[in-house]
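Chemist: Please see the structure below; I have some questions.
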Number of protein chains: 2
Amino acid sequence: MAKQNIDRAFNREAQYAAKRRAVIRSAAAAFRRRGYHNTSMVLIAKSLGLSKAALYYYVKSKEEILYECHMMIYDAMDAAVKSVRGKGDTGLGKLQLLYGGFANLLTRDGLGLLADVDSLKGEFQATVLKRRGAIERAVTRIVKQGMGDGSIRKADAKVTVFFLMGALNWLNVWYEPGGRLSGEHIAEAFVEQMSAGIKT
Amino acid sequence: MAKQNIDRAFNREAQYAAKRRAVIRSAAAAFRRRGYHNTSMVLIAKSLGLSKAALYYYVKSKEEILYECHMMIYDAMDAAVKSVRGKGDTGLGKLQLLYGGFANLLTRDGLGLLADVDSLKGEFQATVLKRRGAIERAVTRIVKQGMGDGSIRKADAKVTVFFLMGALNWLNVWYEPGGRLSGEHIAEAFVEQMSAGIKT
DNA sequence: AAATAATTCGACCAGTAAGTCAATATAGGG
DNA sequence: CCCTATATTGACTTACTGGTCGAATTATTT
């Protein structure tokens, strides 16, 4: 029954991983609503029907949870960047796809850009900043491509990108799932306003 | 010498008020850099060459400091709103003036939009949210005016406004005074991108 | 059913930071 | 030069919360 055993073990592992993800996701939602420091471990635990001690069976520290929250969103954004490779004939077209994808992540998929980078220390913070930088650089590259092919108006690329990323970030603060505005609606409006703001 | 006494007393009062303001301003800068919860009262005190206990001679609590930080920026924004009354012939023109004014507050004047509203409780939080709502409503009013007079493309006003406010808010995260980009430069670029994004 | 491994918990520990207070230093006014 | 009000402090208290640990409980294997 070696095969069975392996299956079982695999299943257990998967179960563990799933629960760990649940912890991260639940914490992420709480962090987004109340902020990192206003969310205690007991609260995260209780919202999952667990005790605080049980939480530490799945994560090493609160900081690690925050770190994983960041990784989650950056994984998704990296995937979005990758998915527009080759697509879109102009820089602007590519950026439209990517920006819409980002907006969808933040609304439809319930992921949030956490701003609490300062609460992370050492290696954790360095990694998060590195990945954020990578995203910004990817967007900047596309913007510059657009400026090169004439689809995007020439301007300071850094300012342009930060302007656009800021609008996205603010979504966390005001967007409420299930409200009057659907995620798709917002994504569409954002892409339109973004495009109009930067195209030639 | 009653007059003298009154003058002196007034001077003392002014001195007190000035020092109190200094506490708020210094704390605001620290909050913006490190975040509210990562900034201890001792740190605020030491950066002013005081002990923590002395701080409590000027403020009632840390929360009050955060509250006053918010009031400071909202006072400035209210003033900016007031200052564009009557100016600008179209909605777009008025919004350009206001948006540039906001950008200047955040860069040149070193004021920052604090996002830590969740760390405020009860009446404090209610007041801050009320004032933030008032600013958003003022901006929305101008946007709608612009949609009415044909200077601004018709769209969902709420989304439009939040998009623009988000870009402003993100300034706090990435803008560094004394860097390559001057406040004026950024304000100009923001106004241009904002205008292009929403005009007809 | 016994033995073993995976989960979960109550109770506790330790560090941190806000806030208090009695005591002290400083500065003008008489 | 004293006296009063203002300004400042060191030492202390208090409350919270992240994190640990051994025991208990539950699931799994043999």
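The values are calculated or read from the model by the stated rules, or taken from the named source; none is laboratory data. Keep in mind it's a predicted model, so treat the numbers as computed, not measured. Cβ coordinates were reconstructed from backbone atoms using ideal geometry, including for glycine residues, and neighbour counts include every protein chain displayed. Surface accessibility is based on the protein's heavy atoms, side chains included, excluding ligands, DNA and RNA. Shrake-Rupley method; radii C 1.70, N 1.55, O 1.52, S 1.80 Å.
Chemist: Between B:Lys199 and residues 5 or more places away or on another chain, which pairs have amide H atoms under 5 Å apart, with H built 1.01 Å from N, and which residues are they?
Modeler: B:Arg153
Chemist: Would you please give the residues with an amide H less than 5 Å from that of A:Thr90, counting only those at least 5 places away or on a separate chain, with H modeled from the backbone geometry?
Modeler: Amide H neighbours of A:Thr90: none.
Chemist: What residues qualify as long-range amide H neighbours of A:Tyr56, i.e. H under 5 Å apart, gap of 5 or more or another chain, H built at 1.01 Å from N?
Modeler: none
Chemist: Output, in nm with one decimal and in ascending order, the distances from the A:Arg33 label point to the matching label points of the other copies (7 Å from Cα along Cα-to-Cβ).
Modeler: Those separations, rounded to one decimal, come out as 3.4 nm.
Chemist: With every protein chain present, what accessible area does A:Leu129 have (1.4 Å probe, heavy atoms only), rounded to the nearest 10 Å²?
Modeler: About 80 Å², ignoring ligands and nucleic acids.
Chemist: Could you sort A:Tyr57, A:Tyr67, B:Tyr99 by accessible area so the largest value comes first, with the probe set to 1.4 Å? Intermediate results must be reported in sequence, preceding the final value.
Modeler: Working: A:Tyr57 150, A:Tyr67 40, B:Tyr99 5 Å².
Putting A:Tyr57, A:Tyr67, B:Tyr99 in descending order of accessible area: A:Tyr57, A:Tyr67, B:Tyr99.
Chemist: Angle, helix B:122-149 long axis vs. longest principal axis of chain B, Cα atoms, 0 to 90°, nearest 10?
Modeler: 30
Chemist: OK, next. In square angstrom, rounded to the nearest 10, how much accessible surface does A:Leu50 have for a 1.4 Å probe?
Modeler: Its heavy atoms expose roughly 60 Å² to the probe.
Chemist: Can you give the Rg/Rh ratio of the range A:104-200, where Rg is from the C-alpha atoms and Rh is the Kirkwood radius?
Modeler: On the way: Rg = 15.2 Å, Rh = 15.0 Å.
Rounded to two decimals, Rg over Rh is 1.01.
Chemist: If you average 1/r over all unlike Cα pairs in chain B and invert the result, what Kirkwood radius do you get in angstrom? Please list the in-between numbers first.
Modeler: Working: mean 1/r = 0.0536 Å⁻¹.
In chain B this quantity evaluates to 18.6 Å.
Chemist: Which distances, in nm and shortest first, link the B:Gly110 label point to the same label point in every other copy, taking 7 Å along Cα→Cβ?
Modeler: 4.3
Chemist: Distances from A:Ser51 to the same position in the other copies: list them in nm, one decimal, shortest first, using label points 7 Å from Cα along Cα→Cβ.
Modeler: Label point to label point, same position, other copies: 4.3 nm.
Chemist: Between the helical axis of B:91-106 and the dominant principal axis of chain B, each derived from Cα atoms, what acute angle in degrees is found, rounded to the nearest 10?
Modeler: Compared with the principal axis, the helix lies near 30 degrees.
Chemist: With all protein chains present, calculate the accessible area of A:Leu92 using a 1.4 Å probe and round the result to the nearest 10 Å².
Modeler: In the full protein context, A:Leu92 sits at about 20 Å².
Chemist: For A:Lys154, A:Lys199, give me the order by solvent-accessible area with a 1.4 Å probe, most accessible first, ignoring ligands, DNA and RNA.
Modeler: Correct descending sequence by accessible area is A:Lys154, A:Lys199.
Chemist: Now for a different question. On a 0 to 90° scale, report how tilted helix B:2-34 is relative to the longest principal axis of chain B, with both axes built from alpha carbons and the result rounded to the nearest 10.
Modeler: 60
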